[in-house]
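What follows is a set of notes on a single structure, which appears directly below.
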Amino acid sequence: MSGQEGLVPERILELSERLSKVAGASIAEISLINREAKMLAINALITAARAGEAGKGFALVAEEFKRISTEIDEVAHSLESKVQADLAELAGVGGAILSHMRGQRLADLALNAIEIIDRNLYERTCDVRWWATDSAVVDCVADPSPEASRHASDRLKVILDAYTVYLDLWICDREGRVVANGRPQAYPQVSGSSVKGVDWFERARRTASGDEFVACDVARSQLLANAPVATYAAAIRRGGEAQGEVLGVLGIHFDWRPQAKAVVDGVRLTEEERARSRVLLLDAAGRVLAASDGRGELAEVFALPGDVGAMGSYRTEAATVGYALTPGYETYKGLGWYGCIVQNEASASAAASAAA
């Protein structure tokens, strides 16, 4: 949608409002002049009556003028009624078009935001399945020893230096004990801790093949300084084979906050729109995973109406809300997350500036 096309509904509303004011002023002026003409006709009739027989002809003209003035009044009232009704309908049509276009645009932008997240997280599912087959990772749990753990930790550090979107990578043995991590200096409490019973570990340990992975909703990790992370996991199998015996689990912790902030801040809004818009990423339950204003992350619930579809928009008393459900990407089907944009109504001065 070009900028010119985006201004069409605003232009319709502006013109209908302008025409309404001009028409109202013109009709009021006609009525005023007509009232003055009526007063002249009445005065003429009075003067004619005083003149007696000599004023009869003048009285007929005054009466006719009075009749015409009455008809002008009726025409003016009819014109006012019709013009105002048509202009009101025009304003309604313009408003409906504007609302639809704004809602559709917000839904498109919400879809774009969630698609960027999907593609990003799809890469995480590839990473975890690939790194789970790395020989240093496999050897760490296949033949555990302090040397193997140190070697694996060094290997994980190399990966983290190249892939800066992660806070840490954990190698866990079959019992859930973390035997190596990529940033032991930053997170010394991780090594030796137990993740037995934790959802991502248990689900990854039960996967049927090396082609499968586990993706989790964003949550805070106490072992990672309470940072919000999106954790992905895959089973570590003997020999790195897809059908090999499960020896442990690799968990990779995506550094959620800066990556999500880049997405919500990167939505293509004008500066004027950005000042009155809130861009959100929501989980399937409506929990705010990220917000362009930084408020409510992992605490607030923004509940979409129960009848929303995969993509669309709706209006509240003060805002237009556009939303889009995660479409997934490749083998990553998504977790039911939504992109969402809440845009408050523009002030009259802002709308006029945008239309100018």
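Scan the stretch 192-218 for residues that are among the aliphatic types (A, V, I, L, M), part of a loop (DSSP other than H, G, I, E, B) and surrounded by 16 or more Cβ atoms within 10 Å (Cβ to Cβ) and jot them down. First the steps, then the outcome.
Narrowing the stretch 192-218 to residues among the aliphatic types (A, V, I, L, M): 195, 198, 204, 208, 214-215, 218.
Narrowing further to those that are part of a loop (DSSP other than H, G, I, E, B): 195, 198, 208, 218.
Answer for the stretch 192-218, where residues must be among the aliphatic types (A, V, I, L, M), part of a loop (DSSP other than H, G, I, E, B) and surrounded by 16 or more Cβ atoms within 10 Å (Cβ to Cβ): Val195, Val198, Val218.
State which residue is surrounded by the fewest Cβ atoms within 10 Å (Cβ to Cβ) when the search covers only the stretch 219-231 and only residues that are not small (Gly, Ala, Ser) and not in a loop (DSSP other than H, G, I, E, B).
If we filter the stretch 219-231 for residues that are not small (Gly, Ala, Ser), which is where we start, we get 220, 222-224, 226, 228-229, 231.
Those left that are additionally not in a loop (DSSP other than H, G, I, E, B): 220, 222-224, 228-229, 231.
On the way: Arg220: 12, Gln222: 9, Leu223: 20, Leu224: 21, Pro228: 20, Val229: 23, Thr231: 27.
The selected residue is Gln222.
Which one is nearest to Cys140 (Cα to Cα) among residues in the stretch 170-191 that are of a type in the set (A, V, I, L, M), crowded, with 18+ Cβ neighbours inside 10 Å and without any contact (Cβ under 8 Å) to a residue 40 or more places away in the chain?
Residues of the stretch 170-191 of a type in the set (A, V, I, L, M): 171, 178-180, 186, 190.
Those still in the list that are crowded, with 18+ Cβ neighbours inside 10 Å too: 171, 178-180, 190.
The next check asks that each one be without any contact (Cβ under 8 Å) to a residue 40 or more places away in the chain; those that pass are 178, 190.
On the way: Val178: 11, Val190: 16 Å.
Going through the qualifying residues, I end up with Val178.
If you take the residues in the stretch 60-78 that are touching a Ser or Thr at 6+ places or on another chain (Cβ under 9 Å) and not β-branched (Val, Ile, Thr), which one is modelled with the highest pLDDT? I'd like the intermediate steps shown before the answer.
Just the residues of the stretch 60-78 that are touching a Ser or Thr at 6+ places or on another chain (Cβ under 9 Å), to begin with: 62, 72-73, 76-77.
With not β-branched (Val, Ile, Thr) added as a condition, the list becomes 62, 73, 76-77.
Working: Ala62: 64, Asp73: 70, Ala76: 68, His77: 74.
Checked the stretch 60-78; the qualifying residue modelled with the highest pLDDT is His77.
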Looking across the stretch 152-169 at residues that are of a type outside the set (Asp, Glu), out of contact with any Ser or Thr (no Cβ under 9 Å at 6 or more places or on another chain) and more than 14 Å from Ser191 (Cβ to Cβ), the single one that is surrounded by the most Cβ atoms within 10 Å (Cβ to Cβ) is Tyr166
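The values are calculated or read from the model by the stated rules, or taken from the named source; none is laboratory data. Quantities reported herein were computed from a predicted structural model and do not represent experimental measurements. Heads up, the Cβs are rebuilt from the backbone with ideal geometry, glycines too, and the neighbour counts pull from every protein chain shown.
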